[in-house]
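The values are calculated or read from the model by the stated rules, or taken from the named source; none is laboratory data. Small disclaimer: the values here were computed from a predicted structure and weren't measured. Methodologically, a virtual Cβ is constructed for each residue, glycine included, from the backbone with ideal geometry; neighbour enumeration extends over all protein chains shown.
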């Protein structure tokens, strides 16, 4: 009886054990996360400073000691809009979009043929594609200028479209081939056994699988085309002027107009930033395509 009573008493006795407090430990993962955040802030700070400078007056922007506290104004952004930046933005957007579409139209079939349907001496073909990027651009500008002038395309946006397409096509072929190589060839065989044609198999099976790669390739081509300066400054003047050439106009003999240049550069960077923001999910998947089996 005493044993039963003792056991009963033990069961009914309240627990006096204090809750164990867990201290958050800093492991290697936390340290690397902190390093990544610091690196991200360091790389983003120049962009943030550019946007902030666009809200300053020229007297506040051009100081030996950076002025942090100032009265913000929209005069610089308003002045940039009134100076005709819309035309240059439209030229850059048209050249970028059309050249990127042409690159995908030509590069995707070529990459498919060199991956799932390889041709003889595939490595030689790939080396020929990438060898066109080894030639310095300055070495080709004189013959290009003569050819463009002879066919009457100086200061014409279509000349830039052709050059941007040729400039980005080798990169697109190399990138898309690596994405196509990750697609099992058994999928095409299964689709053909079900009676699907090659075109149907590519459209319904292959392209949905490599869509992240297509998004990543498109964004790379957009960035290269949007930021291209050398061809644009030598082959255009007024009508086909692009945004990088327009930004050079703020560098004058009297000096740099820092506030106006910052406002114009903000407008120039905004479309690419928005494109990367909307495509970030597919971009991450595309750039990591095949990294994890």
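Remarks
- Residue 51 fulfils the conditions (1) in contact with a helix residue (DSSP H, G or I) (Cβ under 8 Å, 6 or more places away or on another chain); (2) at pLDDT 90 or above; (3) more than 22 Å from residue 269 (Cβ to Cβ) except for a single criterion, (3).
- Yes/no for residue 113 being surrounded by 15 or more Cβ atoms within 10 Å (Cβ to Cβ) and at pLDDT 90 or above: no
- Residue among 185, 192 that is surrounded by fewer than 16 Cβ atoms within 10 Å (Cβ to Cβ), closer than 26 Å to residue 123 by Cβ and either touching a residue at least 12 places away in the same chain (Cβ under 8 Å) or over 21 Å from the mean Cα position of the chain (by Cα) (or both): 185
- Residue 216 being within 17 Å of the chain's Cα centre (by Cα) and modelled with pLDDT under 90: yes
- Looking only at residues in the range 131-146 that are modelled with pLDDT of 80 or more and either touching a strand residue (DSSP E or B) at 6+ places or on another chain (Cβ under 8 Å) or surrounded by 12 or more Cβ atoms within 10 Å (Cβ to Cβ) (or both), the one that is nearest to residue 173 (Cα to Cα) is 137.
- Residues being at pLDDT 90 or above, farther than 14 Å from residue 54 by Cβ, in contact with a helix residue (DSSP H, G or I) (Cβ under 6 Å, 6 or more places away or on another chain) and not in a loop (DSSP other than H, G, I, E, B) are entirely absent from the range 252-270.
- Qualifying residue in the range 234-251 (condition: part of a loop (DSSP other than H, G, I, E, B), modelled with pLDDT under 85, in contact with a strand residue (DSSP E or B) (Cβ under 9 Å, 6 or more places away or on another chain) and over 24 Å from residue 139 (Cα atoms)): yes
- In the set 100, 96, 73, only one residue is surrounded by 14 or more Cβ atoms within 10 Å (Cβ to Cβ), out of contact with any strand residue (DSSP E or B) (no Cβ under 6 Å at 6 or more places or on another chain), modelled with pLDDT of 85 or more and not in a helix (DSSP H, G or I); that residue is 73.
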